[in-house]
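Notes for the one structure printed next.
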Amino acid sequence: MSDKLKIGFYWCAACGGCEISVLDIDEMILDVVEKADIVFWPCAMDPKYEDVEKMDDGEMDIVFINGSIRSDENREMVKLLRQKAKKVVAYGSCSSIGGLFGLGNLYDNDELMDYGYNTPSTDKDGVMPQEKNQVPEGDLHLPGLTHHVKALDEVVDVDVYLPGCPPLPNQLEEAFPALLSGDVGKYDLISQKSVCDVCPLEREEKKIPKLVPIQEKRLDPEDCILDQGVLCMGPATSGMCDAPCPEVGHPCIGCNGPVRGVKDQGARMASALGSVLGVEGEERMDEEEIKEVIRSVRDPTGSFYRFSLPKSYLRYKRRDLHE
Ligand code: SF4
Ligand code: SF4
Ligand code: SF4
């Protein structure tokens, strides 16, 4: 009998980027397949639900699950996979912290469906997608939406978190060997350093009068982006990516989520901005000045919680709905 590990990959509500990132590790994939057999990977194979059901409990050593929980199907599959795997890895930011799709939690499902389907190109006499449709061949079923977007650990226990949108090759070079050797704790793959801590641009924490959109500013590539008055999420974001975005002159948009041990990425960023924008501290601003500064932070929820809303203190709009 093979002494290789048995591993699986699964996607929930996902863009496909996390799946592709597995192939980004180039020749290191050979080290992975030397140590492990991939026994389940819907992106690359054609396994059926029944194939997973037939597995013994704990038969897979590790299952890597990416994507947010957004449908009944996602929820059912991750519960089944939890049962069939000894270790569950929340792979990518959607799975670890709710991800981009988590911004859907700012609306309820009716508003989202209306926005998505009540458009000139999709409107079909006011008909919305239904969970059950009758066609001549029989009944067709679509998975129903959950009331809000969830991170994986809101549905099943997670053994290891590996955020990133998607996790980058330098993260995977560290993560895969550690995961395959079993030598990794729950939060070990989340850095305690921020993106600022690993950024090649040096932050001087200059006071700035207001934020300006990046398209309205000619950035000096040698200077910290935030010091130049453009929002950069570096101070509030975990830095295991080694800061590739600011390195090429683009602000960090926060895709790794908060640094290890911090619950709310948006609150951390608001606090960081409070000090550089002069809202806090000794130089008191009057109320009008403060309002002016706040107005310059465009779409604060979408910017501060772009990847982490479901795991923040805000979480979702409809607190009356649970499942
Ligand atoms: S974490 Fe990013 S790359 Fe991965 S599925 Fe979500 S949106 Fe796509
Ligand atoms: S550019 Fe961004 S990540 Fe780099 S030091 Fe400035 S705020 Fe931090
Ligand atoms: S610098 Fe920021 S946006 Fe870029 S990969 Fe790192 S965490 Fe993500």
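The values are calculated or read from the model by the stated rules, or taken from the named source; none is laboratory data. Owing to the predicted nature of the structure, the values given are computational and were not obtained by experimental measurement. Quick reminder, even Gly has a Cβ in these numbers, built from the backbone with ideal geometry, and neighbours come from all protein chains shown. The area values use the complete protein model at the heavy-atom level, side chains included, leaving out ligands, DNA and RNA. Shrake-Rupley method; radii C 1.70, N 1.55, O 1.52, S 1.80 Å.
Name the residues of the stretch 110-140 whose amide N is less than 16 Å from a point 7 angstrom out from the Cα of Lys317 along the C-beta direction? Of the residues in the stretch 110-140, 110-118 have backbone N under 16 Å from the label point off Lys317.
Regarding the chain, what's the average projected area of the Cα-atom convex hull, expressed in nm²? Write out the running numbers ahead of the final one.
On the way: hull surface 83.9 nm².
That works out to 21.0 nm², a quarter of the Cα hull's surface.
Summed over qualifying helices (DSSP H, 4 residues or more, each -39500 (n - 2.57)) and divided by its residue number, the chain shows a 222 nm mean residue ellipticity of -8000 deg cm²/dmol. The simple spin-label model puts a point 7 Å past each Cα toward its Cβ; for Ala44 and Gln215 those points are separated by 3.9 nm. Summary of packing: across the peptides 225-233, 77-85, the per-residue average of other C-beta atoms within 10 Å ranks them, highest first, as 225-233, 77-85. For Ser2 and Lys86, a Förster radius of 25 Å and the Cβ-Cβ distance give a FRET efficiency of 0.95, rounded to the nearest 0.05. Annotation: peptides 260-268, 306-314, 24-32, ranked by per-residue average of other Cβ atoms within 10 Å with the highest first, follow the order 306-314, 260-268, 24-32.
Sort 48-58, 177-187 by the packing proxy (mean of other Cβ within 10 Å over each peptide's residues), most packed first.
On the way: 48-58: 11.6, 177-187: 14.5.
For the peptides 48-58, 177-187, the packing ranking is 177-187, 48-58.
Relative to the longest principal axis of the chain, what angle (0 to 90°, nearest 10) does the C-alpha long axis of helix 72-84 take? The helix 72-84 is inclined about 70 degrees to the chain. Fully extending the segment from Met128 to Ile20, taken as 0.36 nm per residue of separation minus the present Cα-Cα distance, adds 35.7 nm.
Return one whole number: the accessible area per residue of the chain in Å², for a 1.4 Å probe.
Computed with neighbouring chains in place, this is 54 Å² per residue.
DSSP finds beta bridges in the chain, and of those with both partners inside it, around 30 percent are antiparallel. Here each label is just a point 7 Å from Cα along the line to Cβ, and for Asp114 and Met28 those points are 4.7 nm apart.
Gain on full extension, evaluated as 0.36 nm per residue between Asp188 and Leu106 minus their Cα-Cα distance, stands at 26.5 nm. Between Lys263 and Val135, the C-beta separation translates, for a Förster distance of 45 Å, into a calculated FRET efficiency of about 0.45.
Considering only protein heavy atoms and a probe of 1.4 Å, how much of the accessible area of the chain is carbon and sulfur, as a whole percent? List each step's numbers first, then the result.
Working: 8740 of 17320 Å².
Heavy-atom surface of the chain belonging to carbon and sulfur, 1.4 Å probe: 50 percent.
What number comes out for the charge environment of Gly239, summing +1 per Lys or Arg and -1 per Asp or Glu over other residues with Cβ under 15 Å away? The answer is -2.
Residues Thr237, Thr122 ordered from highest to lowest accessible area at a 1.4 Å probe: Thr122, Thr237. Taking every protein chain into account, the 1.4 Å probe leaves Lys317 with about 100 Å² of accessible area, to the nearest ten.
When the listed pairs Lys263/Lys291; Lys206/Lys263; Lys54/Lys132; Lys150/Lys291; Lys124/Lys311; Lys54/Lys150 are checked against a 30 Å cut-off, the alpha-carbon distance exceeds it for Lys150/Lys291; Lys124/Lys311. Relative to the longest principal axis of the Cα atoms of the chain, the long axis of helix 265-276 makes an angle of roughly 10 degrees. In this label model, Glu289 and Ala270 are separated by 2.2 nm, measuring between points 7 Å along each Cα→Cβ vector. Extension gain, Glu247-Lys35: 0.36 nm per intervening residue step, less the Cα-Cα distance, totals 72.9 nm. In sequence order, the stretch 17-26 has phi-based couplings of x, 5, 5, 5, 4, 4, 7, 5, 7, 6 Hz under the Karplus curve 6.51 cos²θ - 1.76 cosθ + 1.60, θ = phi - 60°, and Gly or Pro positions carry x.
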